[in-house]
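Values quoted throughout were computed directly from the atomic coordinates according to the rules given, and no laboratory measurement underlies them. Keep in mind the model is a prediction, meaning the values are calculated, not measured. We place every Cβ from the backbone using ideal geometry, glycine too, and count neighbours over all the protein chains shown.
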Amino acid sequence: MLDKLSKWKAKAEQGKEIEGVNLENVPKHVAIIMDGNGRWAKKRGLPRIAGHREGMSVINKIVKKANSLGVEVLTLYAFSTENWKRPKNEVDFLMRLPERYLSVELPKLIEENVKVRLMGCKDSLPAHTINAVDNAIEKTKSNTGLVLNFALNYGSRDEIVSAIQQIAEDVNTGKVNSQSINDELVGQYLMTQELRDPDLLIRTSGEIRLSNFMLWQLAYTEFWFTDVLWPDFTEQHFLEAIEVYQQRTRRYGGI
């Protein structure tokens, strides 16, 4: 018996679309900069942490929608290396969010065949945050569906510097010939070495910048910006971004 995705693909082959999306051209890797939680809360006279709490509830809806459409990887920018500059009470709350999210959603992620992954530097993260994420990674390691990649304490410049340092060390020890260094080899030293580069980047809240996010990997990614604040982001917005992506022609520098 065909599963849901197989049925949807069968319909797509007949020239039909599912929710306006052509299932034959779904971006395989979608990255999202989840921005606007603080502004969402401020507009309502609430503390910033209320916006982060509301934003957390959006994640599961988008994960479920991405998985149902056949997206292979969903990378979520959850906490940057620069976010440590925020007030301590806000940082402490943000460090509790992975634990709160996974304590509720992990059984659903397991049921939906989602594989949890972490991208970022663990060294500065609290033990309770690491334990929650490591537990989710362990319990979903055999899953074969959507890869849910959390960028936590992640900064692209730090990632690239670390890759350069590792390459230099391997050159010094003879593991790598300096003449063999190319973009493919560099990619093997990045935190995304097991993943394809993003096909589509979504940023919410109206900001039009990358904020030190996947600078190497986004070289030929399609961008979609929206004024919608992350807590107000819906499955329909996600579908709209994919529909716009499908209207574009990706030339990769060619004609």
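Taking other Cβ atoms within 10 Å as a rough exposure proxy, Trp224, Trp230 sort from fewest to most as Trp224, Trp230.
With neighbours defined as other Cβ atoms within 10 Å of a residue's Cβ, the residues Val147, Val114, Val161 order from fewest to most as Val161, Val147, Val114. The phi torsions of the stretch 211-228, fed into the Karplus equation with coefficients 6.51, -1.76 and 1.60 and a -60° offset, translate into couplings of 6, 6, 10, 6, 4, 6, 6, 8, 3, 10, 7, 7, 9, 9, 10, 9, 6, 5 Hz, rounded to whole numbers, with Gly and Pro shown as x. Helices meeting the span-like rule in the chain (full DSSP H runs, Cα extent of at least 18 Å along the helix axis, mean Kyte-Doolittle score of -0.5 or higher): 48-69, 88-111, 127-140, 156-172.
Taking the centroid of alpha carbons for each part, the stretch 31-86 and the stretch 89-142 are 14 Å apart. Phi-derived couplings, Karplus 6.51 cos²θ - 1.76 cosθ + 1.60 at θ = phi - 60°, listed residue by residue for the stretch 182-189: 9, 5, 5, 5, 4, x, 6, 9 Hz, with x used for Gly and Pro. Counting Lys and Arg as +1 and Asp and Glu as -1 over every other residue whose Cβ lies under 15 Å from the Cβ of Gly36, the net charge comes to +3. Note on the chain: antiparallel DSSP beta bridges, both residues inside, total approximately 5 percent of the bridges counted. Pairs exceeding 22 Å between alpha-carbon atoms, taken from Lys61/Lys108; Lys65/Lys85; Lys141/Lys175; Lys65/Lys108: Lys65/Lys85; Lys141/Lys175. Distant-in-sequence amide contacts of Ile18, defined by a placed amide H-H separation under 5 Å and a gap of 5 or more residues or a different chain, comprise Leu23. Sorting Asp123, Asp199 from the fewest to the most surrounding beta carbons within 10 angstrom yields Asp123, Asp199. Build a GNM of the chain with springs between Cα atoms under 10 Å: which of Leu94, Leu146, Leu125 gets the top mean-square fluctuation? Among Leu94, Leu146, Leu125, the largest GNM mean-square fluctuation belongs to Leu125.
The H on the amide N of Thr75, modeled in the peptide plane, is under 5 Å from the matching H of Val30, Ala31, Ile32, Asn149, each at least 5 residues off or on a different chain.
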